[in-house]
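Visitor: Can you read through this structure? Questions will come right after.
The values are calculated or read from the model by the stated rules, or taken from the named source; none is laboratory data. Everything quoted here is computed from the prediction, not taken from an experiment. Reconstructed Cβ throughout: ideal geometry from the backbone, glycine too, with neighbour counts over all protein chains shown. Heads up: the accessible areas ignore ligands, DNA and RNA and are worked out on the full protein's heavy atoms, side chains in. Shrake-Rupley method; radii C 1.70, N 1.55, O 1.52, S 1.80 Å.
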Amino acid sequence: MIGRLNHVAIAVPDLEAAAEQYRTALGAKVGPPQDEPDHGVTVVFIELPNTKIELLYPMGEDSPITAFLEKNPAGGIHHICYEVEDILAARDRLKETGARVLGSGEPKIGAHGKPVLFLHPKDFNGALVELEQV
Ligand code: CO
């Protein structure tokens with residue numbers, strides 16, 4: 001059911017420094033910061049030949065990234081995103097297996113303008129999983 005790895009998201013304590021490190025030390029193609037108020041994050045996309053990296057930084061008062069950075073002050077891998085062709089079919093199949101969908105259970109529009117859902121990390125070996133319909 002799942003397809004390509006769409007991105008790996010890394011929460012960072014200093015967005016500018018992290019973006020600069022990917023640009024200069026790693027020689028990556030780094031985009032400009034983008035505010036995503038619906039998700040409480042500012043995101044920098046990094047294009048790799050086979051996938052993307054998303055640098056996440058908190059935006060607003062109740063950003064989901066704030067608590068993560070309190071627990072991981074140096075930053076850390078926050079989630080991984082897999083592509084699916086039909087997000088509602090994927091959700092229903094996952095729910096049948098007992099996996100928990102976070103939030104209302106309805107897809108939101110994600111950072112790439114496509115529907116996304118998040119799955120409970122306790123149901124996936126401690127990894128927060130995002131599904132994105134492509
Ligand atoms: Co993501």
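Visitor: Please go through segment 66-103 and pick out each residue that is in contact (Cβ under 8 Å) with a residue 24 or more places away in the chain, open to solvent by 70 Å² or more (accessible area, probe 1.4 Å) and within 16 Å of the ligand (Cβ to nearest atom).
Guide: Hit for segment 66-103 is I77, nothing else.
Visitor: If you don't mind, there's one more thing I want to ask. Among residues belonging to segment 45-65 that are away from the ligand (no atom under 12 Å from the Cβ) and surrounded by 17 or more Cβ atoms within 10 Å (Cβ to Cβ), point out the one that is modelled with the lowest pLDDT.
Guide: Of segment 45-65, the ones away from the ligand (no atom under 12 Å from the Cβ) are 46-50, 57-63.
Imposing the further condition that a residue be surrounded by 17 or more Cβ atoms within 10 Å (Cβ to Cβ) reduces the set to 46, 57-59, 63.
On the way: I46: 98, Y57: 97, P58: 97, M59: 95, S63: 91.
Applying the filter and picking the extreme gives S63.
Visitor: Same structure, new question: Before we move on, is E20 of a type in the set (D, E), over 22 Å from E106 (Cβ atoms) and open to solvent by 70 Å² or more (accessible area, probe 1.4 Å)?
Guide: Criteria met by E20.
Visitor: Also, quick follow-up: Please note which strands (runs of 3 or more DSSP E) are completely contained in segment 1-57 and include at least 2 residues that are within 11 Å of the chain's Cα centre (by Cα) and small (G, A, S).
Guide: Numbers: elements: 5-11, 34-36, 41-47.
Counting at least 2 such residues, we get 5-11.
Visitor: Quick one: S63 ticks every box in (1) closer than 20 Å to P107 by Cα; (2) touching a residue at least 24 places away in the same chain (Cβ under 8 Å) except a single one, so which number is it?
Guide: It is condition (2) that S63 fails.
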